[in-house]
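**Q** Shown below is the structure under consideration.
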Amino acid sequence: MDTPATPEGTAADAVRYRTLLEINNAVVSSLARDALFHAIAQALRHVIAFDRTAIFLHDSERDVLRLFVLESSVRSSYFIVGLEMAPADSHVGHVFKTRRLLLRRDLSTEREYPMEDRAFEDGVRSYVIVPLVTRGVAIGTLAVASVKPNQYSEADAAFLGEAAGQIALALENMKAYEEIAALKARLERENVYLQEEIHREHNFVETVGSSPGILAVMRQVDRVAPTDSSVLVCGETGTGKELIARAIHDRSARRGRPLVKVNCSAISAGLVESELFGHVKGAFTGALERRIGRFELADGGTIFLDEVGELSLETQVKLLRVLQEREFEPVGSSRSLRVDVRVIAATNRSLEDAVRAGRFRADLFYRLNVFPIAVPPLRERASDIPQLTTFFVARFAKKFGKKVEAVSRETMERLTQYAWPGNVRELQNIIERAVILSEGPTLELGPDLLPVSVAGSPRVEASASPSAPFAGLDTLLEEVERSHILAALEQAGGVVEGPRGAAKLLKLHPNTLRSRMEKLGIRRSGHEVS
């Protein structure tokens, strides 16, 4: 015969059922971590008194139980969010592994694990720990603790076990929500980043030109692109280092993921780590929300560190760790994130000199300098200037709706004589300005448009004496063409036609090349016409 329920028992059961309902409502309505746990803790207080409640979740990769959320009035120097316990030698691990609750009525006599000694030192005298299991898989533990001995009964432990099932489901939903939110934020950032990239009109200027120097660079690009090796692109400002990085990325297996650019010289020293590695909410004044860093954004893709020599020594240490261990910690976080990122760095200065001066870490330099590529300055590829000029004229004429169809001989002569300290970028800016000012179908570049007193470059001025000797444009262009063809023949071993012939390198029909050679008087000693 069943024992009739007492009014007190009925009232207590009603409170417990109401608490389970509140937890269920929290499962449905609260997906954010802080809001969810606060709602659960408030509901539990209606039935169970506690001075400290905590949830540990299992990290399967490292096989540790990490303190996930905590609400406590007990002061502790060690029991804080992020604390890790090994499942093999802790009271929390025992509950997780056995999936059986653990009730300690009085820690003064019942301690078994070292971590229980520390809890006792904090003032904890009794506790209940129950496993969190969902879909047949243990994901962590839930604990309540009190500074009073004999605070918890078997009934309290049983009720907490009932609540744990709903709480485990809530945590699973919350983790799924956080993953979706993180993915959404990442996709939004990628979308913004990629839209910015699209609007930059990437036309791969590095492929405009057929000088031996630029062809050698592109052969290096083709060789290293299929690998995951780090690349260090060296060259003067304006030579197109970023475009070389893009060419490597677009020829690699990572082309389906973004190429993320970081201009290391344009970020203030205090924000560079946050920019590279991100930060958690509250990491510093003004950190109102979590920020995804560039390395996390580039996961699965490529990161381009422009002007890498400008990084501080402290940041260099963290960058080295990413290269060696493929993991980093966002600013203000104790949790490491793993990433799969290929690094392409660029610099316009000598990193070897910086290493000798102590401004750049030698170990980081060797990590970045696995495959160096040196981009030649424009003055060393003067034969590409006519092609680049034509390319830029066509681009800006279309952009500004102008009908500019040719470049005057005088203008081309001025362009080929100038030393271009600003390299391809300077040439691009000069042509853009000239197209804007152009009033006819032929581009004219007056002396006022091209700097004539830039340090390190020759002055391009009218001769002081009308009778002074001056090479004509035809002669100058023929000499450029002649040297260009000779260089291609040398590289091709004297072969004109075929997949590795000079005509292929120069992007000319073999008969056209032979005709030009005949006109310029080029004879290939030791080689027959092929």
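**Q** Determine the gain in length on full extension of the stretch E314-S483; use 0.36 nm per residue of separation and subtract their C-alpha separation, reporting nm with one decimal. Walk me through the intermediate numbers first.
**A** Working: separation 169, 0.36 × 169 = 60.84 nm, distance 4.84 nm.
Extending this stretch completely gives an extra 56.0 nm.
**Q** While we're looking at this one, here's another question. Which whole number in µm²/s is D for the stretch 376-450 by Stokes-Einstein, with the Kirkwood Rh taken over Cα pairs at 10 °C and 1.306 mPa s?
**A** On the way: Rh = 12.2 Å.
Once the numbers are plugged in, D ends up at 130 µm²/s.
**Q** Kindly state, to the nearest 0.05, the FRET efficiency for R326 paired with S108, given R0 = 41 Å and r defined as their beta-carbon distance. Don't jump to the answer; show the numbers that get you there.
**A** Working: r = 47 Å, r/R0 = 1.15.
Result of the calculation: an efficiency of 0.30.
**Q** If I stretch the segment between E432 and S60 completely, what's the gain in nm (0.36 nm per residue apart, minus their alpha carbon distance), one decimal? Walk me through the numbers before you get to the answer.
**A** Numbers: separation 372, 0.36 × 372 = 133.92 nm, distance 5.72 nm.
Taking 0.36 nm per residue and subtracting the Cα distance, the gain is 128.2 nm.
**Q** Under 14 Å from a point placed 7 Å out from the Cα of Y78 along the Cα-to-Cβ direction: which residues of the stretch 89-126 have their backbone N that close?
**A** 89-92, 112-124
**Q** Might you work out the accessible area of I214 for me, using a 1.4 Å probe with all protein chains in place, and round it to the nearest 10 Å²?
**A** The value for I214 is about 0 Å².
**Q** For the stretch 219-363, what is Rg from Cα atoms divided by 2.2 N^0.38 Å, rounded to two decimals? Display every interim value, and only then the final one.
**A** Numbers: Rg = 15.2 Å, N = 145, 2.2 N^0.38 = 14.6 Å.
Working it through for the stretch 219-363, the quotient is 1.05.
**Q** For R251 and S334 in one chain, what is 0.36 nm times their gap in residues minus the Cα-Cα distance, to one decimal in nm? Display every interim value, and only then the final one.
**A** Values: separation 83, 0.36 × 83 = 29.88 nm, distance 3.64 nm.
Full extension from R251 to S334 adds 26.2 nm.
**Q** Sticking with this one: Using a basic spin-label model with each label point 7 Å from the Cα along Cα→Cβ, how many nm lie between A406 and E444?
**A** The modelled label-to-label distance comes out at 1.4 nm.
**Q** So if I place +1 on the C-beta of Lys and Arg and -1 on the C-beta of Asp and Glu, and nothing else carries charge, what would the dipole magnitude of the stretch 220-272 be about its Cα centre? I want it in debye, nearest 20.
**A** Values: 8 positive and 5 negative charges, 41 e Å.
The dipole magnitude comes to about 200 debye.
**Q** Please give the solvent-accessible surface of L101 in Å², to the nearest 10, using a probe radius of 1.4 Å with every protein chain present.
**A** 80
**Q** Quantify how much of the Cα-Cα distance distribution of the stretch 299-353 extends past 18 Å, in percent.
**A** Values: 557 of 1485 pairs.
Roughly 38 percent, rounded to a whole number.
**Q** Tell me the label-point distance for the pair T98, N150, using the 7 Å Cα-to-Cβ offset, in nm and rounded to one decimal.
**A** 2.4
**Q** Skipping prolines and chain starts, which residues have an amide H placed within reach, meaning under 5 Å, of the one on S334, given they are 5 or more residues away or on another chain?
**A** none
**Q** Let me ask you something else. Mind ranking R500, R104 by accessible surface for me, highest first, 1.4 Å probe? Don't skip to the end; give the middle numbers.
**A** Details: R500 205, R104 25 Å².
Final ranking, largest accessible area leading: R500, R104.
**Q** Can you give the alpha-carbon Rg of the stretch 354-405 over 2.2 N^0.38 Å, where N counts its residues?
**A** 2.00
The values are calculated or read from the model by the stated rules, or taken from the named source; none is laboratory data. What you see is a predicted model, and the numbers here were worked out from it, not measured in a lab. Quick reminder, even Gly has a Cβ in these numbers, built from the backbone with ideal geometry, and neighbours come from all protein chains shown. Just so you know, the surface numbers come from the protein's heavy atoms only, side chains and all, with ligands and any DNA or RNA stripped out. Shrake-Rupley method; radii C 1.70, N 1.55, O 1.52, S 1.80 Å.
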